[in-house]
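The next block holds one structure in the form of structure tokens; read it before the comments.
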Amino acid sequence: MHCPFCQHTDTRVIDSRVSEDGATIRRRRECEACGQRCSTLETIELKLPVIIKSDGRREQFDARKLRIGFDRALQKRPVSEERIEAAVRAVVHAVRMSGERELPSIQVGGFVMDELRTLDHVGYVRFASVYRSFQDVADFREELDRLEREQPAEAQLPLLAGDVVAFDKGGKGKGRKR
């Protein structure tokens with residue numbers, strides 16, 4: 001590696017540390033010519049598939065856009081950063097494991113909806129309303145009814161203001177009452 005100070009063609013690694021998440025290695029380097037020190041970050045570079053948009057355009061997969069989508073859907077919702085990051089990693093993993101060189105954006109959206117469904121129903125419905133282009137309140141109602149049929153009663157907070165959940169002394173939900 002070239003020295004960023006004197007452009008000498010070789011630097012020596014004097015210390016290496018793995019990041020907390022295990023995704024990067026920080027290396028402390030010293031130039032053999034000028035003695036200056038610098039740090040580098042080493043990450044694995046994996047080629048993710050090209051995403052085929054609904055209008056036919058193709059663009060490189062971008063995990064930052066994915067994170068922005070999760071942030072918008074979960075804005076002002078009680079979901080921790082750690083859980084959001086884990087969901088983003090799960091979607092990236094699903095995209096990577098698809099084994100495809102090109103992947104339709106609708107499939108990526110499906111991965112996102114699967115993760116949001118387990119994280120937060122409100123975030124899921126927010127994302128679904130844009131992703132599926134809900135046209136009116138009936139579309140929202142249909143999606144809410146489907147969510148209620150698929151999820152156990154105690155899984156999350158109620159979706160609608162009219163729903164009431166009774167709790168026992170341990171804080172566990174006993175069921176819904178209307």
> Could you name the aspartates and glutamates in cross-link range of K47, using Cα to Cα under 19 Å and dropping any fewer than eight places away on the same chain?
Replying inline: E59, D62, E100, E102
> Taking the Cα centre of the stretch 77-126 as origin and charging only Cβ (+1 Lys, Arg; -1 Asp, Glu), how large is the dipole, in debye to the nearest 20?
Replying inline: 60 debye
>> Between E81 and Q135, what's the calculated FRET efficiency when r is the beta-carbon distance and R0 is 30 Å? Round to 0.05.
In response: 0.35
>> Students often check this: by mean Cβ neighbours within 10 Å, which of 44-50, 7-13 ranks highest, and how do the rest follow?
In response: 7-13, 44-50
>> Taking the Cα centre as origin and putting +1 on Lys and Arg beta-carbons and -1 on Asp and Glu beta-carbons, what dipole magnitude results for the stretch 50-157, to the nearest 20 debye?
In response: 420 debye
> When only Cα pairs under 8 Å and 6 or more residues apart are kept, what is the percent relative contact order across the stretch 1-138?
Replying inline: 17 percent
> What residues of the stretch 1-15 lie in the reach of a label at I25, counting those whose backbone N is under 19 Å from a point 7 Å from the Cα along Cα→Cβ?
Replying inline: 1-3, 10-15
> How would you order 120-127, 54-61 from highest to lowest mean count of nearby Cβ atoms within 10 Å?
Replying inline: 120-127, 54-61
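Every number here is computed from the coordinates shown, using simple stated rules; none is lab data. Being a predicted model, the structure only gives us computed values, none of them experimental. All Cβ positions, even for glycine, are placed from backbone atoms using ideal geometry, and neighbour counts span all protein chains on display.
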